[in-house]
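To start, the structure under review is shown below, and the notes come after it.
The values are calculated or read from the model by the stated rules, or taken from the named source; none is laboratory data. Since we're looking at a predicted model, the values are computed, not measured. Virtual Cβ from ideal backbone geometry, glycine too; neighbours counted across all protein chains shown. These area figures cover heavy atoms from the full protein model, side chains too; ligands, DNA and RNA do not enter into them. Shrake-Rupley method; radii C 1.70, N 1.55, O 1.52, S 1.80 Å.
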Amino acid sequence: MSEGLLDAGAAAMDERGYDVTRPDSGAEPPAVAVPGEDAESPFGEARETAIDPLDGADPTTVLSRLWTNRNRDRATLFVVDDRETADAVADLLAAPLGVAAADDAGRRTFFDGPDRVPLAEGGYAAVPAGDHVVWRETGEGESFRLALETDRGEVIGALDGVGDLDCPPRATFPYGYERDEDKRIRVRDFRGRPVETFAGVKAMRAGGFAPVAAPLVPEHMLDGDVDGWWGVLVVADGSVVTAPVDSAER
């Protein structure tokens, strides 16, 4: 964490009439701003606000910090070095919230999250290591299916929707893997038949099999409107970004 970013965020909130406190080192968030009687919020309602320095716009980091703070009835002031990072955060938090893309029908393409996809039979989902895969919604109507697609457009796993990510059956994916009692990793095919055994995940990847990252589904982390609950302080010019720039301005 950059102390310079934290100092800048604390100073900005102090100037607006907030009382800033910093918990012990390593605490999350690293600083909290409580509005005084005449406090002026840089965004939304003047409420308790977490000051969160960022060194990038990683979707998991941004959404999880906003989720944690809002659950504590806190807004979030992200603090970044430059406008490019601020715009990336604002794009991520604009509608449709927290996704890589969405088409005119509302079908979303998701970022990869930090977790793996657990299988109903135990272990986790896997795909051929040479395939770059992405999770996206498909279909028509009000309920979209969720497809795991390769960069060639081939669907190699499909679910009825994002609600079915909790322990789908092994047969949904080309492969699954699990750690045996001897700590080695055993890869099985979609029918559960043993394929190969490896010393670890790195060896498994080298052997042609890769774990499947679970998609980062925003509504599994945040519900409702996040407008007024966040802003991004740009240290380079002191501005506070609360919405993405218009595409014509890029």
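List of remarks:
- Identity of the residue in region 78-99, outside any helix (DSSP H, G or I) and out of contact with any Leu (no Cβ under 6 Å at 6 or more places or on another chain), that ends up surrounded by the most Cβ atoms within 10 Å (Cβ to Cβ): VAL99
- Residues satisfying the stated conditions in region 180-200, i.e. within 16 Å of ARG116 (Cβ to Cβ) and surrounded by 15 or more Cβ atoms within 10 Å (Cβ to Cβ): ILE185, ARG186, VAL187, ARG188, PHE198
Yes/no per residue for (1) small (Gly, Ala, Ser); (2) open to solvent by 70 Å² or more (accessible area, probe 1.4 Å); (3) assigned to a strand (DSSP E or B); (4) more than 25 Å from PHE110 (Cα to Cα):
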site	(1), (2), (3), (4)
LEU6	no, no, no, yes
MET13	no, no, no, yes
VAL20	no, no, yes, yes
GLU37	no, yes, no, yes
ARG47	no, no, no, yes
ALA57	yes, no, no, no
VAL62	no, no, no, no
ASP73	no, yes, no, yes
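- Members of region 75-112 found to be over 21 Å from PRO30 (Cα atoms) and polar (S, T, N, Q), listed by number: THR109
- Within region 100-146, the set of residues being open to solvent by 80 Å² or more (accessible area, probe 1.4 Å) and not charged (D, E, K, R) comprises PRO114, TYR124, HIS132, SER143.
- Odd one out for THR242 among (1) in contact with a strand residue (DSSP E or B) (Cβ under 8 Å, 6 or more places away or on another chain); (2) of a type outside the set (Phe, Trp, Tyr); (3) under 15 Å from PRO118 (Cβ atoms); (4) at pLDDT below 95: (3)
- In region 211-228, the residue that is surrounded by the most Cβ atoms within 10 Å (Cβ to Cβ) out of those that are modelled with pLDDT of 95 or more and more than 14 Å from the chain's Cα centre (by Cα) is VAL212.
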